[in-house]
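Read through the structure below, which is laid out as structure tokens, and then see the notes.
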Amino acid sequence: MEQNNDLDIAKEMSLGYYLTGVTILAVAALLGFIVRLSQTGALGNVPQLYYTLMTLHGMAAFVGWGCFVAMGLTWYTLVKHLDSPLHSTKLVMFIYWNFMVGVLLLVVAALFGNFGGSWVFLYPLSFYGYWENWAAFMWNLGVALAGISIILYGVEILLTIKKAGFGLLDALGFEILKPSKWKEGEKRVPLPIVPLAVIGWGMIIATLPFAYLLVYTLLEFMDLVPRMDTLLAKNMLWWFGHPVVYLILFPVVSFMYSIVMDYTGHDIIGEKWAKSAWFVATVVQNFIGAHHVYADLAQQQWVHAISEVGTYAIILPSLVSIFSITGTIYLYKFKWDVASSYVFVSLTFWLLAGMSGWVNATIALNEFVHNSLWVVAHFHTMAVLALSTLLFGMAFHIMDQYKGVYSKKMAKDALIVYVVSGVGFVHLWFIQGLWGGIRRSYRSTPESLNLFTWISLVFAFFLMFGLWMNFYNSYMSLTQSGEKVKEEVAVAAD
Amino acid sequence: MKVFVVLAVALLLIFLAYVIPSNFANRYDFTGTYLIGFEADEGVFTFVRLFLIIMEAIWLMFWAVFYFKVAKDATGEKDETTHAKVTNFEKYYFWGVATFLLFLVIASFVVPYAFYGDKLTHFHAPDEPDSITVYVKGTDGFQWKFDTNGDGQYDDDPNNFFIRGQKYRLVVSAESFSHGLGIYSPDGVMRGQTNINPGYEAVLYHTFEQSGTYTFLCMEYCGIGHHNMKTDVIVGGS
Ligand code: HEM
Ligand SMILES: [Cu+2]
Ligand SMILES: [Cu+2]
């Protein structure tokens, strides 16, 4: 009974985070649509609108998926697979409210102070924009608060694992080095916990230097410190900016393991292989951010070389997970349902997004696609089609065990809308990128690409609509009664 | 769920229909109209465009195999899978991972370097004696300016300076905030780029292979003028 109670608490925390996140996303999708629309010129000459809303969209989508949804669903997954309570629910609440304050600052900075430095606001751009100084200050402060919550998220994961009686190194994949652990009947770290441990650790390491950069920028606004080395600042940004993407990716893999384990009723196959791959991730995840700096010819070549090799290595966890999950589904019983349909879609697009990422990761090719719309296509394939589908799947899976899903049919229909419009939407970007289109450019550059921008609006609209369907469905599931209840009523009426 | 498969295939076909004739969109002004999407002189782009199609094919294959084989088999009544069967399955890991790594290495190094090595800007000797040095600066007013004689004066208009076939050593810098220099040839193809942060110099070797109007565009977001940061550079015949 005690256990059950812990799980219920974690479930409510998860769903609270999730509902906040999905609300932010409903807005972020609308912003994305407006941003794309403004590029066609249909809204008149509005460069500020484009740059400011692009900045807010990028940050909101990221904060929505990463900080609220992926983090939120982590709490439930931890408690469920560790069979042990969270280290501190107070800390989990603090992380949430601290994020909320950060989000508020970001929104005010963008909407009232016109901040539009893009989601990376490359140092020292904050000091030179068309925005108000206070807005840039507030933006940097807002991101710094989010950074604090991200570090605490990592701490909470690690402490929860420790509280459950597992070794932290074991959870990070070091188990593969201990033969004694692999005897029949030995207790090992449950597989879904491993990616969470890896990201918990990785985020602490990734965020600290970036937090330094943010605080430095704040001090520079107050004229307390001189301009710092700009290339170093760019590396500090990406030291964080790349791994922070894993803040969504790694939990998603964990949730995928968890859902497939529930659906097949068995452990994921290839545990040792999977843990080996996560071990690799533990080691290299923090050394590859410089692949975003390949196009800086002023950067030392050995840094390029290390990040290229590291980036290839980080493909392993994805590859092995796709293999393990497909294999598990193949070997055991599998039932098509809401969550499993979302898993299927996520898995296939993971492969597509991964392959397009290989182009970015390879220096010889990166030289031509860097800062082009190809990159935007790549990460939206990952974010929209591979990650958000699974996050929705996991949320529906948890809601199913809560009050029930309001409408399973709507969840499946939304998936179809999502897939069809998403495929069209990202492909127009892939094409624009390969025909020279530059990212973060108000008006399609080169101009002749504008035709594709117009066409993509149709897809963008339906994509937004698909997301809203899931938003509505989630909101109803959590506030009203789910399909389960409706079915019971129907049976009673018969 | 079956509807997915049909839709995926349909979308792929529509997409392919776009890729082949859409090369016209590559041109700034629609003047050069091509019917086939792959022009040999577009270098690495030709390769990546082909790769996009290969990528789609692999993805669709995975989709089909998963849907028709993996998940379908699993839905039927199935005996409890034995431990031995699982262990046996895990053997495929070795071959799966090994094949993948082999493919990755071949694809990453052999293809781009073998076919386009001479067009890449990353791997040049520190000094290439036959090149002419030109200083290029990205300004706070969202323009590219040039210093062709090294006197520290940056001018707007280097017209009639650059010559086709000559190798240039472009020393790129930025005034107060970062930019990215992208060199677009007259047919609208991006031929090379470097990012640049204030306080640094990035060296980019470039040989203009066509005569006519090149455009230097900004590749890195730099503020309100980013999309207007375009400087025409006229390259004369040798
Ligand atoms: C309804 C779905 C979406 C639409 C219509 C949309 C649209 C857009 C557009 C038009 C841009 C500007 C691209 C450019 O011109 O360079 C953009 C950028 C971006 N989007 Fe989305 N997007 C969507 C979903 C997402 C999701 C789910 C994420 C999740 C993380 C995301 C993250 C970003 C980021 C990080 C940027 C870059 C912003 C920057 O460069 O500063 N988007 N999106
Ligand atoms: Cu990255
Ligand atoms: Cu720019």
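The values are calculated or read from the model by the stated rules, or taken from the named source; none is laboratory data. A quick note: this is a predicted structure, and the numbers were derived from the prediction, not measured. Reconstructed Cβ throughout: ideal geometry from the backbone, glycine too, with neighbour counts over all protein chains shown. Protein only, heavy atoms only, side chains kept; ligands, DNA and RNA dropped before computing areas. Shrake-Rupley method; radii C 1.70, N 1.55, O 1.52, S 1.80 Å.
Whose amide H sits under 5 Å from the amide H of B:Tyr168, counting only residues 5 or more places off or on another chain, with H placed in the peptide plane?
Under 5 Å from the amide H of B:Tyr168: B:Ile132, B:His206, B:Thr207, B:Phe208.
Counting only complete DSSP H runs, which helices of chain A cover 30 Å or more along their long axis at the Cα atoms and score a mean Kyte-Doolittle of -1.0 or above?
Length and hydropathy pass: A:2-39, A:89-111, A:133-163, A:193-221, A:243-264, A:338-361, A:408-434, A:450-479.
Under a 1.4 angstrom probe, counting protein chains only, how are B:Met229, A:Met228 ranked by accessible area, largest first?
Per-residue accessible area, sorted high to low, gives A:Met228, B:Met229.
Which value, in square angstrom to the nearest 100, describes the accessible area buried between chains B and A on both sides, using a 1.4 angstrom probe?
Buried surface at the B/A interface: approximately 8900 Å².
From the mean inverse distance of alpha carbon pairs (Kirkwood) and the Cα radius of gyration, derive Rg over Rh for segment A:11-107.
1.14
Can you pull the accessible area of A:Ile248 for me, 1.4 Å probe, Å² to the nearest 10?
10
Counting other Cβ atoms within 10 Å, keep those with at most 12, restrict to DSSP loop, and tell me which GluC sites (Glu not before Pro) in segment A:175-267 are left.
Working: sites: A:Glu175, A:Glu184, A:Glu186, A:Glu220; in loops: A:Glu184, A:Glu186.
Hits after loop and neighbour filter: A:Glu184, A:Glu186.
Find out how many positive minus negative residues lie around A:Ala42, taking Lys and Arg as positive, Asp and Glu as negative, among other residues whose Cβ is under 12 Å from that of A:Ala42.
+2
Based on DSSP, what percent of beta bridges with both residues in the protein assembly as shown are antiparallel, to the nearest 5? Please report the intermediate quantities before stating the final value.
Numbers: 28 of 37 bridges.
Around 75 percent of the beta bridges assigned by DSSP in the protein assembly as shown are antiparallel ones.
Please list, in order along segment A:285-295, the HN-Hα scalar couplings obtained from phi with the Karplus expression 6.51 cos²θ - 1.76 cosθ + 1.60 (θ = phi - 60°), rounded to whole Hz, x for Gly and Pro.
Going residue by residue, I get 3, 8, 10, 10, x, 5, 5, 7, 10, 3, 7 Hz, with x marking Gly and Pro.
Working from the alpha-carbon coordinates of segment B:193-238, get Rg over Rh, Rh being the Kirkwood radius.
Ratio of gyration radius to Kirkwood radius: 1.02.
Please work out how much length the chain gains when fully extended from A:Ser180 to A:Tyr472, using 0.36 nm per residue of separation minus the C-alpha to C-alpha distance, in nm with one decimal.
Using 0.36 nm per residue and subtracting the Cα-Cα distance, I get 100.1 nm.
At a cut-off of 20 Å², which residues of segment B:168-191 become less accessible once all protein chains are present than in their chain alone, using a 1.4 Å probe?
Residues of segment B:168-191 that lose at least 20 Å² of accessible area once the other chains are added: B:Ser176, B:Phe177, B:Ser178, B:Tyr184, B:Met190.
Assign unit charges at the C-beta atoms only (+1 for Lys and Arg, -1 for Asp and Glu), then state the dipole size of segment A:101-212 relative to its Cα centre in Debye, rounded to the nearest 20.
420
Are there any residues in segment A:123-144 with a reduction of at least 10 Å² in accessible surface when going from the isolated chain to the assembly of protein chains? Probe 1.4 Å, please list them by number.
Hits at the 10 Å² cut-off: A:Pro124, A:Leu125, A:Tyr128, A:Tyr130.
Can you give me the accessible area per residue for segment A:1-54, using a 1.4 Å probe, in Å²?
39
Kirkwood hydrodynamic radius (Cα pairs, Å) of segment B:124-235? Intermediate results must be reported in sequence, preceding the final value.
On the way: mean 1/r = 0.0718 Å⁻¹.
Value: 13.9 Å, from the Cα pair sum.
Suppose we flag trypsin sites (Lys or Arg not before Pro) only when DSSP calls them loop and at most 12 other Cβ atoms lie within 10 Å. Which is the longest uninterrupted stretch of chain A? If you can, show how the numbers build up before the last one.
Numbers: sites that count: A:Lys183, A:Lys187, A:Lys335.
Of all site-free stretches, the longest is A:1-182.
Count, for each residue of A:440-453, the Cβ atoms from other chains sitting within 10 Å of its Cβ, then give me the mean as a whole number.
Details: counts 7, 8, 5, 2, 2, 12, 11, 5, 9, 5, 1, 4, 3, 0.
Neighbouring Cβ atoms belonging to other protein chains average 5 per residue here.
Ignoring ligands, DNA and RNA, what percent of the 1.4 Å accessible area of segment A:166-335 is carbon and sulfur?
That share works out to 69 percent.
Segment A:350-494: D in µm²/s via Stokes-Einstein (Kirkwood Rh, Cα pairs, 10 °C, 1.306 mPa s)?
Values: Rh = 17.0 Å.
Roughly 94 µm²/s, to the nearest whole number.
What number comes out for the charge environment of B:Phe62, summing +1 per Lys or Arg and -1 per Asp or Glu over other residues with Cβ under 13 Å away?
Combined, the nearby Lys, Arg, Asp and Glu give 0.
How large is the translational diffusion coefficient of segment A:297-418 in µm² per second when you combine the Kirkwood radius over alpha carbon pairs with Stokes-Einstein at 20 °C and 1.002 mPa s?
Reported coefficient: 130 µm²/s.
So what's the gap between the Cα centers of segment A:100-178 and segment A:7-55, to the nearest angstrom?
The distance from the Cα centre of segment A:100-178 to that of segment A:7-55 comes to 17 Å.
Where the eigenvalues come from the Cα gyration tensor of the protein assembly as shown, what are the semi-axes √(5λ) of the equivalent ellipsoid, largest first, in whole Å?
Output for the protein assembly as shown: semi-axes of 43, 28, 26 Å.
Do any of A:Lys80/A:Lys412; A:Lys234/A:Lys275; A:Lys163/A:Lys187 go past 24 Å between their Cα atoms, and which?
Those over the limit are A:Lys80/A:Lys412; A:Lys234/A:Lys275.
What number, in percent, do you get for the relative contact order of segment A:204-341 if the mean sequence gap of Cα pairs under 8 Å and at least 6 apart is divided by its residue count?
Here the relative contact order equals 30 percent.
Let me see the pair-distance distribution of segment A:166-335: every alpha carbon pair, 10 Å bin width, integer percents in order.
P(r) over segment A:166-335, rounded to whole percents: 10, 32, 29, 17, 9, 3, 0.
Pull up all non-local amide H partners of B:Ala174: gap of 5 or more, or a different chain, and H-to-H distance under 5 Å with H placed in the peptide plane.
When sequence neighbours closer than 5 places are left aside, the close amide H contacts are B:Gly138, B:Gly199, B:Tyr200.
Before anything else, pin down the relative contact order of chain A: Cα pairs under 8 Å, at least 6 apart, normalised by residue count, whole percent.
Worked out over chain A, it gives 16 percent.
Compare each residue of segment A:214-242 in its chain alone against the assembly with all protein chains, and report those whose accessible area goes down by 50 Å² or more; 1.4 Å probe, heavy atoms.
Residues losing area: A:Thr230.
Compute the relative contact order of segment A:350-494 as a whole-number percentage, counting only Cα pairs closer than 8 Å that sit 6 or more residues apart in sequence.
Values: 155 pairs, mean separation 47.4, N = 145.
Rounded, it is 33 percent for segment A:350-494.
What list of ³J(HN,Hα) values in whole Hz, one per residue of segment B:177-193 in order, does the Karplus curve 6.51 cos²θ - 1.76 cosθ + 1.60 (θ = phi - 60°) give from phi, with Gly and Pro shown as x?
Rounded to whole hertz, the list is 9, 6, 9, x, 8, x, 9, 9, 6, x, 8, x, 9, 6, 10, x, 8.
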